[in-house]
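One structure below.
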Amino acid sequence: MNSFQPPERLLMGPGPSRIDPRVLAAMANPTIGHLDPQFIILMDEIKELLQYVFQTENEATFPVSGPGSLGMESCLVNLIEPGMRVVVCQNGFFGGRMREIAGRLGAEIILIEESWGRAIDPQKFRDTLKKHSDVRLVAFVHAETSTGALSDARTLVEVAHEFDCLTLVDAVTSLGGCELKTDEWGIDVCYSGSQKCLSGPPGLSPVTFNERALQHIKNRNSPVQSWFMDVEEVLKYWSGGLKRAYHHTAPINNLYGLHEALLLARKEGLENAWKRHFQNHRALVAGLEAMGLKMAVPEKERIPQLNAVEIPGGVDDQRVRMKLLNEYNIEIGAGLGQMAGQIWRIGQMGASSQAEKIIRTLRALEQLLREEGLQIPEGVSEKAADGVFAGA
Ligand SMILES: *Cc1c(COP(=O)(O)O)cnc(C)c1O
């Protein structure tokens, strides 16, 4: 065996996204202790930078040491007590994961189902809350990465508050890629991931809890079932000035990476990042449609940074994706769950969201679709995308 040398891939899937060399370099710095006063300064800066990307002043804002799924589980395990009635919205794979976790925690789930590829319907949401007036928590996914559908988080949170419910929002794919305003929209608890639009190292999950949510947790009748994820315990490490208690050994070098990625995000500015993702989304869609492909999600409900496109009839899903990877070094995502074999998920997240990378992806896909037998005039996708970039 030799040291591992990964191939140089262009990551245009649903995450992880490309990591900037400055972030990789930060992670190669020497490891220091997780209670070193210098490390505590870094933790405080990460908290401040996360408050910026979440657009929140919540004190309880920190990265869970684990992937987005652990962030999801952390939020649910803190908020749910056995027997509690919880509304969970499911319009794709990740809503289903929330439902699964909530169920294991003993919640009595009231499910709002929406077809895959569509946003959650606010009217159905309102009707359900009206009918179940004893519900105190609602959970939904903002950007459903499995289908490419973006729900109107602002409206859903507003409706939930009319019925006095706490809101838990999955912002794994939305954070840093499209508009998300935790405080202004009134989101009570929100979690995300490091490896999507923040373009940090995989394995960290930024979360934020407001005062109302912390009060709800304080008032629990039973202890949080997970010791590791109990937010009151974790906060003894993630807040409190220089007086920190050991909770677990933080993933030190990963946090160096997250810090650098967040610095880059702040330097660009959130609104500029949202605009960049949207512009590149428009160019990508123009290119895909110029090849005769059809987007899987209605225009007004699309996640800019995750584009679900229908696989044309007669085209071999697996063969095209494998050739993209092996011949062009480009990764795109397959369909998940009930959409497997039906769609491709083309991401353009964080540092992967650049004009030149969109063009490279379109060129390769165009060539491979011709090899699959589609009649596509050479260069049409690039021309259509260029048209969007030129108009910007
Ligand atoms: C990726 C993703 C997750 C899970 O994140 P992991 O880091 O893979 O555990 C959860 N929710 C959504 C919407 C995602 O896109």
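The values are calculated or read from the model by the stated rules, or taken from the named source; none is laboratory data. Every value quoted in this text rests on a predicted model; they were computed, and no experiment measured them. Cβ placement follows ideal geometry from the backbone for every residue including glycine, while neighbour counts extend to all protein chains displayed.
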Would the range 173-180 turn up any residue that is at pLDDT 95 or above and either more than 19 Å from residue 352 (Cα to Cα) or aromatic (Phe, Trp, Tyr) (or both)?
yes
Filter the range 211-261 down to the residues that are over 25 Å from residue 29 (Cα atoms), of a type in the set (S, T, N, Q) and in contact with a Leu (Cβ under 9 Å, 6 or more places away or on another chain) and list them by number.
225
Tell me the residue from 155, 147, 173 that is of a type in the set (Ser, Thr, Tyr) and away from the ligand (no atom under 16 Å from the Cβ), please.
155
Is there a residue in the range 201-209 that is of a type in the set (S, T, N, Q) and either buried (at least 20 other Cβ atoms within 10 Å of the Cβ) or within 16 Å of the ligand (Cβ to nearest atom) (or both)?
yes
Within the range 48-61, residues crowded, with 24+ Cβ neighbours inside 10 Å and either of a type in the set (Asp, Glu) or in a strand (DSSP E or B) (or both) come out as 61
Residues being closer than 22 Å to residue 298 by Cβ and over 13 Å from the mean Cα position of the chain (by Cα): count how many of those fall in the range 159-184.
1
Which numbered condition in (1) surrounded by fewer than 24 Cβ atoms within 10 Å (Cβ to Cβ); (2) under 23 Å from residue 70 (Cβ atoms); (3) in contact with a helix residue (DSSP H, G or I) (Cβ under 8 Å, 6 or more places away or on another chain); (4) touching a residue at least 40 places away in the same chain (Cβ under 8 Å) is the only one that residue 90 fails?
(4)
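Checking the structure you have, find out if any residue of the range 191-200 is surrounded by 16 or more Cβ atoms within 10 Å (Cβ to Cβ) and either more than 16 Å from the ligand (Cβ to nearest atom) or β-branched (Val, Ile, Thr) (or both). Write out each step before concluding.
Initially, the range 191-200 is screened for residues surrounded by 16 or more Cβ atoms within 10 Å (Cβ to Cβ), giving 191-200.
Adding the requirement that they be either more than 16 Å from the ligand (Cβ to nearest atom) or β-branched (Val, Ile, Thr) (or both) leaves none.
Looking for residues that are surrounded by 16 or more Cβ atoms within 10 Å (Cβ to Cβ) and either more than 16 Å from the ligand (Cβ to nearest atom) or β-branched (Val, Ile, Thr) (or both), one finds none in the range 191-200, hence no.
Please return the ranges of helices (runs of 4 or more DSSP H) entirely within the range 316-392 where 2 or more residues are surrounded by 14 or more Cβ atoms within 10 Å (Cβ to Cβ) and of a type in the set (S, T, N, Q).
Qualifying helices (runs of 4 or more DSSP H): 355-371.
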I'm trying to understand the selection: among the residues of the range 62-79, which are within 9 Å of the ligand (Cβ to nearest atom) and surrounded by 24 or more Cβ atoms within 10 Å (Cβ to Cβ)?
68, 71, 72
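Which ones in the range 6-17 are assigned to a loop (DSSP other than H, G, I, E, B), in contact (Cβ under 8 Å) with a residue 40 or more places away in the chain and more than 16 Å from the ligand (Cβ to nearest atom)?
Here is the first cut: in the range 6-17, the residues assigned to a loop (DSSP other than H, G, I, E, B) are 6-9, 12-17.
Those still in the list that are in contact (Cβ under 8 Å) with a residue 40 or more places away in the chain too: 7-9, 12-17.
Residues satisfying the conditions are 7, 8, 9.
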Read through the list (1) in contact (Cβ under 8 Å) with a residue 40 or more places away in the chain; (2) of a type in the set (A, V, I, L, M); (3) over 30 Å from residue 363 (Cβ atoms), then give the number of the only condition that residue 41 fails.
(1)
Could we say that residue 207 is among the β-branched types (Val, Ile, Thr), within 20 Å of the chain's Cα centre (by Cα), farther than 26 Å from residue 34 by Cα and not in a helix (DSSP H, G or I) here?
no
State whether one or more residues within the range 273-291 are out of contact with any Ser or Thr (no Cβ under 6 Å at 6 or more places or on another chain), assigned by TED's automatic domain parsing to the domain that holds residue 369 and in a loop (DSSP other than H, G, I, E, B).
no
